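The values are calculated or read from the model by the stated rules, or taken from the named source; none is laboratory data. This structure is a prediction, so every number in the text was calculated from the model and none was measured. When we count neighbours, we look across all protein chains shown, and the Cβ atoms used for this are built from the backbone with ideal geometry, even at glycine.
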């Protein structure tokens, strides 16, 4: 009886791979990232980092502005301005930085700046500075800001008699003029009478001349009192009236005036310079055509007559000084 041979088929490579896949599932090479946690509370911008603040009249406090942009306005460089969205969200506003006060607003930033420039030019820097100071005094200064500085101009003027006087002009402080020099017994004078019209330097020069003349008159009056008290020679000091060496009513004699001019100058002068200073200060009058020549002759006579006790001395050719 014949036996039946059994044959076994070798498994194919494909079937082997399939079986292996079932037994060991493929490893994943990358892991899925977990979803990021979203906080319910969004982080608010730090208001302390805001550079500009506007003053909210309703809230009665300064409010930080995150979208503010600084703007420059020609002619008002000493102030700081910023443009920002209006509080109601409609349009744009321009505000002054130190006080946080709104200047004006417009539909766009450019429109707001144009309107602000026109308004500021209408009222001027003085009015703006005054309003800013009032708001700062009332509400305080905006965080991180400082008040606009006053513009003080320093210069010097020369009086008609050649004296140099230092002046400080503060336009923002009621057109204040401050004088330092030989224009008062203390060497200082504060003046608020200037109305701000015209050239302030010319106004300062005129006032310095006036103050200078008043000072010299006071000094002369004081010297006359000393002469009377000490019982001095009235004729020698030129206090006699009428005749040569006398004086017109209400005026000094030319010799007395010359003595005052030389006392103030503290250096030798020629008679022409002395005469010019006398007339500039209105200390004396002369009807002569050559008052300096007349004065020179009179001073020469006093020197010759009184010698060492004369008020004058010849310092150089054509120049005289006080005999001290």
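Set side by side, the residues 58, 106 differ, and just one is out of contact with any strand residue (DSSP E or B) (no Cβ under 9 Å at 6 or more places or on another chain), over 18 Å from residue 172 (Cβ atoms) and not assigned by TED's automatic domain parsing to the domain that holds residue 167, which is 58. Among the residues of the stretch 121-130, none qualifies, meaning not one is within 27 Å of the chain's Cα centre (by Cα), surrounded by 13 or more Cβ atoms within 10 Å (Cβ to Cβ) and assigned to a loop (DSSP other than H, G, I, E, B). Across the stretch 110-120, the number of residues qualifying as surrounded by fewer than 15 Cβ atoms within 10 Å (Cβ to Cβ) and closer than 12 Å to residue 81 by Cβ comes to 1.
The residue of the stretch 65-111 that is farthest from the chain's Cα centre (by Cα), among those that are assigned to a strand (DSSP E or B) and in contact (Cβ under 8 Å) with a residue 40 or more places away in the chain, is 69. Check whether at least one residue in the stretch 227-245 is at pLDDT 85 or above and part of a helix (DSSP H, G or I), and report yes or no. Checked against the condition, which is being at pLDDT 85 or above and part of a helix (DSSP H, G or I), the stretch 227-245 yields no hits at all.
Tallying residues that are part of a loop (DSSP other than H, G, I, E, B) and surrounded by 14 or more Cβ atoms within 10 Å (Cβ to Cβ) within the stretch 276-297 yields 6. For the stretch 298-324, what are the residues that are assigned to a loop (DSSP other than H, G, I, E, B) and either under 49 Å from the mean Cα position of the chain (by Cα) or not assigned by TED's automatic domain parsing to the domain that holds residue 275 (or both)? Passing the criteria: 311, 317, 318, 323, 324.
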